[in-house]
Structures are given as C-alpha cells and as structure tokens.
1. How many Å² of accessible area per residue for the chain, probe 1.4 Å?
2. How high is the relative contact order of the chain, in percent, with contacts defined as C-alpha pairs under 8 Å that are six or more residues apart?
3. What is the Cα centroid distance between the range 444-511 and the range 31-100, reported in whole angstrom?
4. Calculate the FRET efficiency for R53 and A300 from the Cβ-Cβ distance with a Förster distance of 35 Å, rounded to the nearest 0.05.
5. Per-residue ellipticity at 222 nm for the chain, helices alone: DSSP H runs ≥ 4 residues times -39500 (n - 2.57), over residue total, nearest 500 deg cm²/dmol?
6. From the square roots a ≥ b ≥ c of the eigenvalues of the alpha-carbon gyration tensor of the range 403-533, which class results: rounded (a/c under 1.5), prolate (a/b over b/c), or oblate?
7. Report the number of Lys pairs in the chain whose alpha-carbons are under 14 Å apart, with separation of 8 or more residues or on distinct chains.
8. Evaluate the Kirkwood expression for the hydrodynamic radius of the chain, namely the inverse of the mean inverse distance over all pairs of different C-alpha atoms, and round to one decimal in Å.
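The values are calculated or read from the model by the stated rules, or taken from the named source; none is laboratory data. Bear in mind that the values here come from a model prediction, so they are computed numbers and not experimental data. Don't worry about glycine lacking a Cβ; one is built from the backbone with ideal geometry, like all the others, and counts go over all protein chains shown. SASA here: full protein model, heavy atoms, side chains in, ligands and nucleic acids out. Shrake-Rupley method; radii C 1.70, N 1.55, O 1.52, S 1.80 Å.
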Amino acid sequence: MRIVQTLFAPALCALLLCVLQPRQATAQLNEPPPPAAYALTGVTIVSADGAARANVTIVVRRGFIEAIGSDVQIPPDAELLEGDSLVVYSGMIDAHGKASVEFPEAEVERSELAFWAPPREAQGLTPHRRAADYLTDTGDDFEKQRSSGIVAEGIIPDGPLMPGRGVVLLLRRGATAPAGLVLVPELGPSMALQGARGMYPSTVFGAAAVIRQSFEDARHHGLLLAAHERDPSGMKAPAWDPDWEVLRAAMAGQARVFFNADRASDIRTVLAMAAEYEFRPVIVGGSEAWKVADELRAGAVPVLVSLDFPEPDRWEPKEPSDTAQQEPLDAAAAREKQNLEERYANAARLAQAGVTFALTSGGGEADLIAGARKSIEYGLSEDQALASLTTVPASLFGIEYLERVEPRMPATFVVTDGPLFGEDTKVLYTFVEGELERGKAKRAGGEEPTVDVTGSWTITIDAEGQPFGGTMTLTQDGADFSGSMTLDMGAVRIRDGVVSGNEITCEIVFQSGGETVTGELSGTVEGEEAKGSGRSAMGPFTWKATRSSTPQEVL
C-alpha cells in the first residue's frame, strides 16, 4: 500500500474545538473563495541546472511570488499548503502539446476536382492560418496537464504540406475563453513532407517539390512587390498573398519553420531545403534525429523529440532487477527491441552530440515525466531532461521569464513530493500565474478502480494520540470521488479524490481560526473497512473507517 501523509495535530484539534461554533458543523460545504495568499514552507527549490536551495518559504499573492527565502514569515491571511520536504521546480513546457484547433475544411467538390492541380485549401497549403484564431479550448480543458506539472504548451498544427502557424498557450486555470490561453499568438509555419489524401502530391518526393515550388513562388511574388514599389509605371499592383507573405518572413529569418519529420532521410531533405531557402527549421518528432545529429548540430537545428513511444508488441522489456535468464529473441522481436531502444536513447545521443532539443508529448497523450524517465534510463542525465522540459522550450518560444522562480515574478511553478523523475514522485501542486491546480492526476497509480467508496462511513481519526470521530459521506464517479466529513470539532470538505485499484487519495479542506487549511488523506479500502494516514501543514494523523451504508443503499 502506498501511503501519502496529511491532516490534524493535537494543537490544531484544540484550536478547532475552541473556534468552531456548533452551527459551523452543519454549514453548507460550498466551494470556498480562493485565499488571499498561499504559503509553502520548508521546500527545496531546484533550478534547471540541477542546483538546489533547501529550507525555503514561498509566499504567493495576487498571481506573483510575494516573498521567497529561508527567513520569510508566513502572512496570517495565507493558506498554508503542505510544504515540508517538498521540491519546487520551474513549470514544465510541452513544446509539442495538444489542443483543439478546428481549421475550416476546404469547400470543394472532390468529384470535380483535378487531383493534379488542387486549390491550396484542399491541398493543405495554407501557412497563413493561425492556430490561435481557431482554438476552441478554455482553461478547464487543461486540468490534466496542469495537475501533471505542465504550465505551457506549444501547439504545432498537424496536417499535409503547410497546415498553418502554431501558438504557445499558457494553461491559465481561469481562462474562460480561448484567447485567455494565448501567450505567443504566432509561431512560424508548420510543414510536413506529406500531401493531402486523394490528390497531388502523394509521395515524399512530390511533397518536397511542392514545398520548394511554394518558396520559389513566394520569392518571385516578393520580387514583383519590390519592383512595383520602386516604379509602378506600366505595372499593375501585385495581389496580396498571405501565404507567400508568411514564407517570405521565414526566408528572411523572422520566424522558424516547424517541420514534422521522423526519418533520417526526411530530416536531411528538410536540412537541404533550409539551406537552399535560408529558413530556420525546427524538427518536430525526430525519432531518427540521432542518425543525423552531426548535421543538426552544424546547422544549429533544434529538435522537438517526441516521447510518444509505441508499445512493444513482440518484445517484452524486463526490469533491470529481473535476473531471470531470458530466452533468445526471435528475429522480429529482436528488430522491434532494437528500434524501440534506439528511440528511447534518441535524446541521450542528441545531447551527447551537442544538439539542442526539447522533450515533448508528441502532440498526443504521452506522459512527459514517464517518457523523460525512459530517456534517462537510456543515457540522458536528469539535468539534461529537466532543461529539455523547462529552459530549452522557454528559450525556443521566447518566454524565458516563465521559468524564473523569483520574487515579483509570476507564480508559475510545480511542487512535487520528491525528485521530479523519481519512480514514486507525485505532482502535488502546480501554480500558473498564481492560480493553484492540485495534483489530482498524480495522487494515485492510475489503475482501474476495484472498489466503490460511495456511501456513509463512520470514521475515527488519531492525531498523534488524540482520537476523535465523526461521519464521512463519499460519492464516486469512475475513478474520481468527493464528499465531506462532519467531525467532533467541525466540518471538512473532501475534494479531488482518486481511486486507483483499492487505494484512495484525496484533498481535504477545513477552517482553522478563520484560515483555510488543506491537506491530503490516503489509504486502502477492503470491503466495508478502510484505513490509512494523512498529513497537513499542522501535522500527521492516522484514520480508520467503517461503511454504514452501501453504494446501493445510497442510490
């Protein structure tokens, strides 16, 4: 059983018994307003280069870091979060993340379309489009990312040829409209060596030819504009072309080109085009980037390395501790093992070659920390992994300030209960400009629930030798649950509960002397019995509970 500590100490119990009135025990447990400030004490701050500063107190107020240091006093109006022995890192940036971007589809009659000469919209040749203009997400849609420690994402449009320009999102919890997430509204154009389905180009060679021709057309259009500006006599003004304008900006070095390419041969094609048309490429995906590491380093070309590794099919990886003799692999399993291990080692080989890279989810659902851990297993150092998730993408997107955990800077950072890449480490809190997201997604092991905690429970809590009791009511929906406790000394709200197998973890919220105090409770459920432990800023406790009504009775 995995235990996460959390809640009452005797001093807190005495305080609550004095300050809570009987009417408070039956008060409605509505969502409390956010506190005036948050405070963390006794934390260790780890910078991107691995340097650590221990025993630090951080105070967050109105979206900024108000104070930080070893001798900082906790303001009386601050909500004290569990902080002792926790670790603070700059927030992670997923340089190739996922968001809902709904570009309009080309309105063409395919039965009448000449596949060898399609319009640009049908062909996917639309670099003028901005993902920022077609974003449909709001802050609520990024709860999972925030609770995993991700504070910002680069969104790289996916599609044939040149689907559009990307955007950088700051995952603000309170953003009620898509525009509220936009941090950098325009990245350079996204490109790919693939054509639209059912029309030219249908091969990598053809796609490269169309992209080259597009750069040539953009360059020619620029010459016409310049000639008309010098002397318009005898010359009509060239029509404005937003696509060619974007490509000319790329050729002038004003914007990077984000090129989706995995195979080494495709990456070499991109590098050749970049040299020919003088644009600055960023390789997106790059699963075989290690094969062309020298060329990438020579051209100072960054790589957004995807951690979206395929699942093994024929090869069964063994844990390092598994000393059992393994049977020889057949040819297919051996090839799969080699291919997968090359992908796992990709980042380490790029680092060894001096190539700049960021680790990303690959625009999908890949877990950044788990993927980084796999890269570390195959040779990447922890410092390199940390930089690839923080300072490297911040520099690439021009948002370096976001990584500064300093007084007067926006409070954007992540708090864990151990080293970021530790096997059992959990993200407890993520701040984005002072808005707190609790690490719900990381509190449990991610297994399918084997128990249902719905029902009424009789609970007994032992806070370092001082017992008290009450009732607990829980409601479970899938792997999530919430509820409340009515104890001898007052009411406690239960939120962000997660069930993993028969293990449970949740956040608890209660009032102490007019202040909101939070903590965590965890344990295991066996039939109608449950037990575990917990901790808050006030100290540790243990608990036991017996269900007095079943889920069916509650329903």
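1. 46
2. 20
3. For the range 444-511 versus the range 31-100, the Cα centre distance is 26 Å.
4. Using R0 = 35 Å, I get an efficiency of 0.60.
5. Theoretical 222 nm ellipticity from helices: -7000 deg cm²/dmol.
6. oblate
7. 9
8. Computed over the chain, the radius equals 26.2 Å.
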